[in-house]
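What follows is a short report on a single structure.
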Amino acid sequence: MAVRLLHGHERSDERARAEHDAPSALSVSERYSVDELHAVARLSGRDGFPGVPIDDDEPRSSRERAVVNQVVLRSLVARGVVSASTHTPIAPHVSLFAVALDPDVTCSVQRYRPGELSSRNGFLLEGLLVDETSPAANVVELAASDAREFDHWLTDATGWSPAAALRTEHRQIVRRAQKIRSLFGALAADVPTTLEDQRVVDAGRAVTYRRRGTEVDSVDLAWITTLDTVWVFPNGSDLLGGFGRNDAAVTLQATTESELTRAVRRAIRPVTVHD
């Protein structure tokens, strides 16, 4: 999978934003190879493109890297992604890159369904939402739309229903970290698994990162959906990333999909002002 979930503590660096303003035209969608996006990041003085893994499986010599970089740059010029004279991005690519490289808000969703694991990153800046997905191996799609479409993006990425719903139960349960990790792994591998004697049908984690001047806010939560209950717990990235002891206690709170939606939306206001 070419798109990597961005954790709450990860973000673009503090370099100046692109000089070009975001265009008024929305619903722009472009596809790039992984090498092309990393080349764009290097042209902007970055180590890599947000959410796009660097392939370390086949180490390249300095000469090989130079040859690859030249070929990729020619491709970007030929495709009209960057200027032949200045090697800077041109419209509409410049706006997609500006939002993804230096967003006010990043929202990342990783979703586990039976036999399937998917990741999406959403970047918000100056009224634009850029959706980062991987439609094919080593291919990344960046799609821009109005930032007010964030609710629809979140619903599509998580599968949560934003419609208000009452919780059928107000309770908590405690499980060991290893149990939670094995549950997520089993779901992705399409191995039947249960929680509270109920079949698990869906799970995932949502991470938001919001910049307000020098202040930074972040939310990192994970959820597990059984046949009749949605359970939520904090710090999902650390737990699923293997940090901490396997026998550490994890408290899960019964919730609803609409409550999860509100928690994420609160984390990004007032960047999107669509209520």
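The values are calculated or read from the model by the stated rules, or taken from the named source; none is laboratory data. The structure presented is a predicted model; accordingly, all values stated were derived computationally and were not measured. Positions of Cβ are generated from backbone atoms using ideal geometry, with glycine treated the same way; all protein chains shown enter the neighbour counts.
Filter segment 85-105 for residues that are out of contact with any helix residue (DSSP H, G or I) (no Cβ under 9 Å at 6 or more places or on another chain) and not charged (D, E, K, R) and give the result. Of everything in segment 85-105, those that are out of contact with any helix residue (DSSP H, G or I) (no Cβ under 9 Å at 6 or more places or on another chain) and not charged (D, E, K, R) turn out to be SER85, THR86, ILE90, ALA91, PRO92, VAL94, SER95, LEU96, ALA98, VAL99, PRO103. For segment 1-40, name all the residues that are among the small types (Gly, Ala, Ser), over 16 Å from ALA91 (Cα atoms) and either surrounded by fewer than 16 Cβ atoms within 10 Å (Cβ to Cβ) or modelled with pLDDT of 90 or more (or both). Hits for segment 1-40 are ALA16, SER33, ALA39. Among the numbered conditions (1) more than 15 Å from the chain's Cα centre (by Cα); (2) modelled with pLDDT of 90 or more, the only one that ARG111 does not meet is (1). Residue count for segment 77-91, restricted to those that are surrounded by 19 or more Cβ atoms within 10 Å (Cβ to Cβ) and either among the polar types (S, T, N, Q) or closer than 19 Å to ALA143 by Cβ (or both): 2.
For the subset of segment 220-257 comprising residues that are among the charged types (D, E, K, R) and either over 18 Å from the mean Cα position of the chain (by Cα) or closer than 16 Å to THR194 by Cα (or both), which member is surrounded by the most Cβ atoms within 10 Å (Cβ to Cβ)? Across segment 220-257, the extreme among qualifying residues is GLU257. Scanning segment 246-270 for residues that are modelled with pLDDT of 90 or more and of a type in the set (Lys, Arg) yields a count of 1. For segment 210-219, a residue qualifies if it is surrounded by 13 or more Cβ atoms within 10 Å (Cβ to Cβ) and out of contact with any Asp or Glu (no Cβ under 7 Å at 6 or more places or on another chain), and the qualifying residues are ASP217, SER218, VAL219. From the list VAL140, VAL174, VAL201, pick out the single residue that is β-branched (Val, Ile, Thr), crowded, with 17+ Cβ neighbours inside 10 Å and in contact (Cβ under 8 Å) with a residue 24 or more places away in the chain. The conditions single out VAL140. Taking the condition of being farther than 17 Å from ILE173 by Cβ and touching a Ser or Thr at 6+ places or on another chain (Cβ under 8 Å), how many residues in segment 218-245 meet it? Result for segment 218-245: 3. Every residue in segment 239-262 that is closer than 28 Å to GLU149 by Cβ and assigned to a strand (DSSP E or B), please. Hit for segment 239-262 is THR255, nothing else.
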